[in-house]
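For reference, the structure is listed below as structure tokens.
The values are calculated or read from the model by the stated rules, or taken from the named source; none is laboratory data. Everything numeric in this text was worked out from a predicted model, so none of it was measured. Positions of Cβ are generated from backbone atoms using ideal geometry, with glycine treated the same way; all protein chains shown enter the neighbour counts. Surface areas here come from the heavy atoms of the whole protein model, side chains and all, with no ligands, DNA or RNA. Shrake-Rupley method; radii C 1.70, N 1.55, O 1.52, S 1.80 Å.
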Amino acid sequence: MNEKMDLASEMSSSINGVKHDFSAAYNQRWPHAYFRAHLSLDYVIPDRAKPVFERILAEYRRVRNRTNLKIIDIGCSYGINAALLRTNLSLDDLYAAYLEPCGPLSRLDLMEHLAFFRNRGLRYDTQFVGLDTSLRAVRYALDVGLLQVGISADLEDRELTIRESCDIAGADIIISTGCVGYVTARTFARVYKATAASRPWVVSFAMRPFSYDDIAAALQDFGLETRHVEQFRQRQRRFSTPAEQQEIATAMIKRGIEDHVERTTGYIYASCYVSSLLDEELELSSMGSQLIPPPGHLA
């Protein structure tokens, strides 16, 4: 088990060394540079993940008999997932709104941004708590009403404060679309510990070939089983350089992952993982899901 985790950590470090660096656009007061950088690589995972999240939110409401949901978004950045899941907007709509010369979000006017999202009929039966290391990104998402609560923290390095734990408590679902590889099981465990009383589900998209085994093992300690849902695999973005494509292909081969789509499309793909309680029956059997074995039984 430890050897597998060491290998996964080594692969993650190697991949992160050649991955495209978005950090220059990530912690600015306004999200325009962030959207511009992502559009240049056709970054689409939030949009591709939206119908998957909607399907799983509906399943959660069915299984738990819930209407109003509290969602924790790990790696929320500027509130993109919240914008997509609380409105009928697509990611293309957001790219156009922020980046077109006369787009409704092109000006640096906070009141215009706030009005834009309010006028799109924000859903109030789906509340978002955003968690991210970028203080400015979290602040923007709060200021325009996409997040109800925002937490700027690096949970790889510290525990949640009492106030932060209270803000997270009572969650229904924890989601992530691009943070695996930047954060580890340590962050997921700290978040889940703070909200374990409400037994939330966890739904993550992890860029291939990052391993999700250590996160699944951490969630298993809280009584969750994790399924890899192959049908929900989604395109994430284009490779930024040949070196990035080669490094990821090499890592996939080492992990025994078939890399045909990455080699033939020029795009990075993300795998979907869904974690729920052992005694809850989700309608995932027809979706090509595969149970990730608990620690000590990993192949």
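When averaged across all projection directions, what area in nm² does the alpha-carbon convex hull of region 122-252 cover? Intermediate values should be presented prior to the final figure.
Numbers: hull surface 38.2 nm².
Averaged projected area of region 122-252's Cα convex hull equals 9.6 nm².
Given the peptides 64-75, 238-249, arrange them by the average over their residues of other C-beta atoms within 10 Å, most packed first.
Values: 64-75: 18.4, 238-249: 16.3.
Ranking the peptides 64-75, 238-249 by packing returns 64-75, 238-249.
DSSP beta bridges in the chain, what fraction antiparallel, as a percent rounded to 5? Let's see the in-between values first.
Numbers: 20 of 38 bridges.
Around 55 percent of the beta bridges assigned by DSSP in the chain are antiparallel ones.
The mean sequence separation of alpha-carbon pairs under 8 Å and at least six residues apart, normalised by the residue count of the chain, gives a relative contact order of 21 percent.
Rounded to two decimals, the Cα-based Rg/Rh of region 112-172, with Kirkwood Rh, is 1.02. Ligands, DNA and RNA excluded, the heavy atoms of Ile56 present near 10 Å² of accessible surface to a 1.4 Å solvent probe. Straight-line reach from Lys254: taking Cα to Cα under 16 Å and skipping same-chain neighbours fewer than 8 places apart, the aspartates and glutamates in range are Glu3, Asp6, Glu10, Asp213, Glu244, Glu262. Peptide packing for 223-235, 185-197 was compared via the average number of neighbouring C-beta atoms within 10 Å per residue; ordered from the highest value, the list is 185-197, 223-235. The 3J(HN,Hα) values that the Karplus relation (6.51, -1.76, 1.60; θ = phi - 60°) gives for region 234-245 are, in residue order, 9, 5, 9, 6, 6, 5, 7, 8, x, 5, 5, 5 Hz. Gly and Pro appear as x.
Normalised by the number of residues in region 175-249, the average gap of Cα pairs under 8 Å and 6 or more apart makes the relative contact order 34 percent.
Can you give the direction-averaged projected area of the convex hull of the alpha-carbon atoms in the chain, in nm²?
Values: hull surface 59.7 nm².
Here the figure is 14.9 nm², rounded to one decimal.
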